[in-house]
Structure formats: C-alpha cells, structure tokens
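Single-structure report; data block below.
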Amino acid sequence: MLEFLNLLFEQYKTYETVDVVLEIIAVIFGFLSVWFSAQNKIWVFPTGIISTAIFVYLLLKWVLLGDMMINGYYFIMSIYGWYVWTRKVDDTHFTPISRTSNKEKKTSVLLFLAALLFVCIVYQIFDKWNNWVAYIDTVTTAIFFVGMWLMAKRKIEHWIFWIAGDLISVPLYLYKGLAFTSFQYFGFTFIAIFGYLAWKKNLHKTPLTS
C-alpha cells in the first residue's frame, strides 16, 4: 500500500506547495460544480468558473496545453451557460432541460471535428507530438468541448459526453502525474451517471435556478 501511495504522489515532491494547494482547491470546486449540475442548480457555473480559472493557471505552468485549452473553454462556456440557464423563454419560464435537436447534433459533430483540428494545430505549433498522451488529449478535448457546449444549452445528452470523457481522463491524469485530478474525474464519472438519471426525470420540466 505504501508503495502504491508513493507511486501516486511522488510527483508532488517536485511541485511548489502553493500549486498543490491550488490543485486541491480546484478539484473541490470542480466536484461542487458537477454536483450542482447534477442537481440542476445554477451554482454549477460560478463554482465551475473558479475551478477552471485555477486549472488554466496550473496547466499553463505545467505546459499541459490540451488540458489548459479544455479548461479555458470551460471558463468561457460557463459564462455563456450562466446566461442561457437564467434567460427566460417567456414571462415565467427559464430555459428548460431538453433533448438535442437534429440541428444541434450536426453542430456537435462539427464542433468535435473543429476541436480536433484546433488541438492538432496547437500541438504542431508547440511541437508536442512527442508522446502517445498527446493523441489521447486531442480526443478528450474534443469530447469535452461538445459536452460543455451541450451543458451550456441545457441538453441532457451532455452527460453522455461527460461520462465518456471522464472514463478516459481517470487513467490519463494518473499517468500525467496529477493524482488529485485523476481522483476528481473518477468521482465525476459517478456523478455524471447520477446526473443523467436525475435530468432524465426532470426532462421538459421548468428548471430550478438557485
């Protein structure tokens, strides 16, 4: 057990204490954000903004560009999603949970392909095609790009993208040496499953916004 724990956390010996503390804070707010999302609460966005802002700083510092872009995109989409979720569709109702339309499905495919292309270009510019992890990063980035966009539009299918991305991210972040973040995505997987089931029950109902 001790050897296993050393394997998980030995990389933190080279990190500054403030960075380790920041990662833990970001993970806590990340959990809160996903939990609020599963509960269909507007607090998903302010907590997500705090988490992603911290991760953008840390991942840029650690030169994990794909992950940094994901979190930067989350930050922007959290602001957009905050607006969409609180926007009234009429005098008394806010944007409800709904299923993805055929047009939105086509947009999702285009967004996925655009995200793949964008990350590939960035990795090429910064010469980051030096590890198999880079290829996985491009896929997970595209998955999360689509998932976040659908969540901002309050589409139930976004949970499917979260589950797929989370399952890939658990071993990926563990390999990268970010044990706390790996644990975060492990927890995210179960919350995402719960979230999908909870949203399915509330499909087409007027959402809570506080």
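The values are calculated or read from the model by the stated rules, or taken from the named source; none is laboratory data. Keep in mind it's a predicted model, so treat the numbers as computed, not measured. All Cβ positions, glycine included, derive from the backbone under ideal geometry; neighbour counts span all protein chains shown.
Laid out as a table, the results:
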item	result
Total residues in the stretch 51-74, condition buried (at least 19 other Cβ atoms within 10 Å of the Cβ) and either assigned to a helix (DSSP H, G or I) or in contact with a His (Cβ under 8 Å, 6 or more places away or on another chain) (or both)	16
Meets criteria (modelled with pLDDT of 95 or more, out of contact with any helix residue (DSSP H, G or I) (no Cβ under 6 Å at 6 or more places or on another chain), on the phi < 0 side of the Ramachandran plot and surrounded by fewer than 14 Cβ atoms within 10 Å (Cβ to Cβ)) for Lys106	yes
Residue check, Ala198 within 23 Å of Met77 (Cα to Cα), hydrophobic (A, V, I, L, M, F, W, C), free of Cβ contacts under 8 Å to residues at least 24 places away in the same chain and surrounded by fewer than 19 Cβ atoms within 10 Å (Cβ to Cβ)	no
Candidate set: the stretch 123-144, residues that are among the β-branched types (Val, Ile, Thr) and under 26 Å from Gly48 (Cβ atoms); chosen: the one farthest from the chain's Cα centre (by Cα)	Val133
Residues of the stretch 19-37 satisfying the condition of being farther than 16 Å from Ser78 by Cβ and surrounded by 18 or more Cβ atoms within 10 Å (Cβ to Cβ)	Glu23, Val27
Filter result for Lys205 (more than 14 Å from Val34 (Cα to Cα), basic (Lys, Arg) and at pLDDT 90 or above)	no
